[in-house]
Each structure stands twice: as structure tokens, then as C-alpha cells.
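Visitor: Take a look at the following structure, please.
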């Protein structure tokens, strides 16, 4: 299946401002699987429509020569994000989806009070 026009993008951008995508980490594993949910929820990465279509099969297709560099780039993206938001997001993605929306809301509320979140939002607003 090929999308009509690949201009659409998909992302959980909350980690870029020190939050975890509450509903995304609860429903994501059921809708697109843990691997895709983990990638989006922990990196804040934006994926294109063609990649989203492929999400049920693989995370990414790369030439062998580019694989290590791509893995290192992703690791750098995640390492550059606020550690607490990544830790909480990872914990929710890794536990069963039965954890529910209430716990995700609680985690998001906790992250709203952190210095990391305030700093990231301030930096975003300055741009």
C-alpha cells in the first residue's frame, strides 16, 4: 500500500519540550506496536507518510553502509532530550498497555513541574 502523496508527517513531539506523549504511549503499542511507539515517543522524531505505512513491518530501511551512522544519530537524538522525560516515556512504553491513561496523565503532570520542561519550553518560545 502506497500513500497518496507523501507530504503527511507523524510524530510525538512532547519529548522535545520535556514531556512524554501520554496518550501516545498508552495506545501506540496497540495501534502500531511497541517498536514504533518507542521510536516516536522517546525521540520526538517526525516520520513521513511512506515510513508510517511501513511501520507495521520494519522501523526503517537503510543501505548497510548507513546503518551504524543512523543508529548513532538516533542515540544522539535521544541522549539530547531531557533524561527524565525519556525515562518516564520508556517506562510507559515498556509496560503493558493495561497501565492505562490515568497513569500516563499522572506522569505527564509530574513532568510539567520539572526544570527540564520549563527550560525546553522557554527555548522553544525563544525561537
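Visitor: Could you pull out the residue among 79, 69, 41 that is modelled with pLDDT of 90 or more and touching a helix residue (DSSP H, G or I) at 6+ places or on another chain (Cβ under 6 Å)?
Guide: Of 79, 69, 41, the one residue that is modelled with pLDDT of 90 or more and touching a helix residue (DSSP H, G or I) at 6+ places or on another chain (Cβ under 6 Å) is 41.
Results for (1) modelled with pLDDT under 90; (2) surrounded by 15 or more Cβ atoms within 10 Å (Cβ to Cβ); (3) closer than 17 Å to residue 12 by Cα, shown as yes or no for each residue.
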{"residue": "102", "(1), (2), (3)": "yes, no, no"}
{"residue": "105", "(1), (2), (3)": "yes, no, yes"}
{"residue": "108", "(1), (2), (3)": "yes, yes, yes"}
{"residue": "118", "(1), (2), (3)": "yes, no, no"}
{"residue": "127", "(1), (2), (3)": "yes, no, no"}
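Visitor: So the check is Cβ under 9 Å with 6+ separation or different chains; which pairs have a first residue in region 26-53 that's surrounded by fewer than 15 Cβ atoms within 10 Å (Cβ to Cβ) and a second one that's part of a strand (DSSP E or B)?
Guide: Matching pairs, first to second residue: 46/9; 46/10; 46/11; 48/9; 48/10.
The values are calculated or read from the model by the stated rules, or taken from the named source; none is laboratory data. Just so you know, these numbers come straight off a predicted model, no measurement behind them. Positions of Cβ are backbone-derived with ideal geometry, glycine not excepted, and every protein chain shown enters the neighbour counts.
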